[in-house]
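Take a look at the structure set out below.
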Amino acid sequence: MPADYNGNWEMIKNDNFEGFLKAIDIDFATRKIGAHLTQTKIIVQNGDRFETQTNSTFRNYEVNFTIGEEFEEQTKGLDNRKVMTTVTWDGDKLVCVQKGEKANRGWKHWIEGDQLYVEITVENTVCHQVFKKK
């Protein structure tokens, strides 16, 4: 069985988030605010069904998905684009591909010990985040 992602995860590292925000065309002021926020992820996993929330004091974002099922995602709270999103398993990693006007867009999640690692990509920009299980 794949990894268990259930839990509340608090951010402890956020490398190049401002660069990611710039790559998805977020304005200067919002990038500066976003780069200094600490996020919390709440993940509820029921088999291959996921309900996720990413919360901060500035903006919150929720996305729910079933592994292997493509869906239209409105990235409201981020760059407000519509993308076609598919999340799959690669071993114990969650791999997301988002098809839309920005190339090479998506993310990967994986767990090592009590830490959740997140790699977010868009075009040639990569952001690395680490969360600790609360």
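The values are calculated or read from the model by the stated rules, or taken from the named source; none is laboratory data. Fair warning: this is a prediction, and the values are worked out from it, not measured in the lab. Glycine gets a Cβ as well: all are built from the backbone with ideal geometry, and neighbour counts include every protein chain shown. What goes into the accessible areas is simple: the full protein's heavy atoms, side chains included, and nothing from ligands, DNA or RNA. Shrake-Rupley method; radii C 1.70, N 1.55, O 1.52, S 1.80 Å.
Computed quantities for the displayed model
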quantity: C-alpha center-to-center spacing [the range 87-112, the range 1-46] in angstrom; calculated: 14 Å
quantity: Selected from T54, G91, A103, residue furthest toward positive end of dipole (the range 15-134; charges at beta carbon); calculated: T54
quantity: Sequence-distant lysines (8 or more away, or on other chains) whose Cα lies within less than 24 Å of K76; calculated: K13, K22, K32, K41, K99, K102, K108
quantity: Contour excess over end-to-end distance, with Cα ends at I42 and V126 and 0.36 nm allotted per residue; calculated: 28.0 nm
quantity: Over the chain, volume per residue of the alpha carbon convex hull, in Å³; calculated: 97 Å³
quantity: Apportionment of accessible area to carbon and sulfur, the chain, percent (1.4 Å); calculated: 47 percent
quantity: Net charge of neighbours whose Cβ lies under 11 Å from the Cβ of T54, counting Lys and Arg as +1 and Asp and Glu as -1; calculated: +1
quantity: Accessible solvent surface per residue of the chain, calculated while the other protein chains remain in place, 1.4 angstrom probe, Å²; calculated: 55 Å²
quantity: Charge context of V87, other residues only, Cβ under 15 angstrom, K/R +1, D/E -1; calculated: -4
quantity: Additional length obtainable on full extension of the chain from T88 to Q74, 0.36 nm per residue less Cα span; calculated: 3.2 nm
quantity: Mean Cβ neighbour count within 10 Å, used as a protection proxy, ranking 121-130, 51-60 highest first; calculated: 121-130, 51-60
quantity: Cβ-defined net charge surrounding T38, 13 Å radius [Lys, Arg +1; Asp, Glu -1]; calculated: +4
